[in-house]
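What follows is a short report on a single structure.
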Amino acid sequence: MNNLLKTYKFSNFKVIKGRGCYLHTSDNKKLLDFSAGVAVNSLGYNHPIVKKSLQDQIKTGITHLSGSQMHEFKTKLSKLLSENSNKGDVFFSNSGAESIEAALKIARNYGSKKGKDEIIAMTSSFHGRTIGALSVGSNKKYKTDIGPVPGKVKFCKFNDVSHLKKLVNKKTIAIIIEFIQGDGGINICSKTFAKAIKDICKSKKILLIGDEIQGGIGRTGKIFAYKHYGVNPDIITSAKGLGSGIPIGATIVKKYISKIISTGFHGSTFGGGMLQTRISYNVLKYINTKSFLNKVLINGKLLSRLLKKMHDNHIDKIVDTRCLGLMAGIEFRNNEIALKTYNKMAKNGLISTLIQDKIIRLTPPLIVSKNEINKATQIVAKSLRN
Ligand SMILES: Cc1ncc(COP(=O)(O)O)c(C=O)c1O
């Protein structure tokens, strides 16, 4: 019995502690976590960087200050994010959806001065559960029976250049895209599509909004997924792995847009707080090194190779496997096989997430080892067999 709103199908085990890539349950089970709180716990559990940041913050006696108050890590984190992305200015919030809300609000405000009010989003997109974020999410299930969602949004077939060209018009103010779609099924943007977006945005003066909430902060082996494509979004949204378990959102806005934003235009009570900016700064600094990101790429290649092999061995059950860095999906022939495998994996000690009813998503902590990747894929194989 509990008093939780039934917005989730809750697990039948209780977690009591975490170490590295493992969760420990109240009934003494050790589970290899290839969900990482849905691509959030980038440094896994009990990581010294996160622990030390927490301890250092406790010593100041402060966890929260108002948005207008300046402090060391708010400025340091904004600088680090800016220098490693589009050199823009940063608005801090608490979650992915909030960073999307800020992005949409800023894009719409920018467009209002130019008489443009249409946004192009992608099919299979997911940008969060708030009403504004749902307006650019394609999944109808998430926006049924809640009345109209705001904005004039058109949905372009993901990776379809000719469809994109058809949708763009004089009223288009922004294109929003996850370069690797998470909730939509681990769909990877093609180089051709990214190039077309880049060219269209440049020639038609359309803002590019890169949703890096799931694919960013090292998840794909680059600090942001868009860096695989030679594009440079005007607005970037970040959250999830940025705090490695501490709630934070960030919207990074190129200076030619941010300069129109005036005091009071937007705000967030908890955004940019002392605790979360200190932790995120230290997490980002730790992840954003050549050696760390290279290791993600190398381990991602191993995961990809092992999943492809598994596909070859289980062609009757698996349709496809997709992987970029440490963000992977196994697409099954039908929902039944997917659910059965997903449940067996949990029973056999591997945590994952089930998306679109027939795709198992793997997003391990970025600190995952080769041994743990081997072990995880062995558990998937075992779960497919028995
Ligand atoms: C690409 C993407 N955008 C936005 C969101 C929303 O983030 P949050 O759940 O923190 O609001 C998510 C969450 O899964 C996501 O994957």
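For the chain, a simple Cβ point-charge model (Lys and Arg +1, Asp and Glu -1, everything else neutral) yields a dipole of about 600 debye relative to the Cα centre. Each Lys or Arg adds one and each Asp or Glu takes one away; over the other residues whose Cβ falls under 9 Å from the Cβ of Gly151, this sums to 0.
Rounded to the nearest 0.05, the FRET efficiency derived from the C-beta distance between Asp56 and Asn2 at R0 = 35 Å is 0.50. A crude spin-label estimate for the pair Asn294 and Ile131, with each label 7 Å from Cα along the Cβ direction, gives 5.0 nm. Rounded to two decimals, the Cα-based Rg/Rh of segment 49-287, with Kirkwood Rh, is 0.97. Per-residue ellipticity at 222 nm, computed for the chain from helices alone with -39500 (n - 2.57) per DSSP H run of at least four residues, works out to -11500 deg cm²/dmol. Sorting the segments 229-239, 365-375 by their residues' average number of neighbouring beta-carbon atoms within 10 angstrom, most packed first, yields 229-239, 365-375.
Short-range pairs are left out: with C-alpha atoms under 8 Å and at least six residues apart, the relative contact order of the chain is 22 percent.
What does the charge add up to near Glu212, with Lys and Arg as +1, Asp and Glu as -1, over the other residues with Cβ less than 11 Å from its Cβ? For residues surrounding Glu212, the net value is +2.
Positive end of the dipole of the chain (Cβ unit charges, origin at the Cα centre): among Val168, Pro364, Val50, the Cα lying farthest that way belongs to Val168.
The residues neighbouring Lys382, those whose beta-carbon lies less than 11 Å from its own, together hold a net charge of +4 under the Lys/Arg +1, Asp/Glu -1 convention.
Do any of Lys227/Lys309; Lys17/Lys347; Lys79/Lys152; Lys227/Lys259; Lys76/Lys204 go past 23 Å between their Cα atoms, and which? The answer is Lys227/Lys309; Lys79/Lys152; Lys227/Lys259; Lys76/Lys204. Can you give the % of DSSP beta bridges in segment 49-287 that are antiparallel, to the nearest 5? In segment 49-287, approximately 40 percent of DSSP beta bridges are antiparallel ones.
Coordinate-derived values only; no laboratory data. Remember, it's a predicted structure, so these values are computed and weren't measured experimentally. Ideal geometry is used to build each Cβ from the backbone, glycine not excepted, and the neighbour counts take in all protein chains shown.
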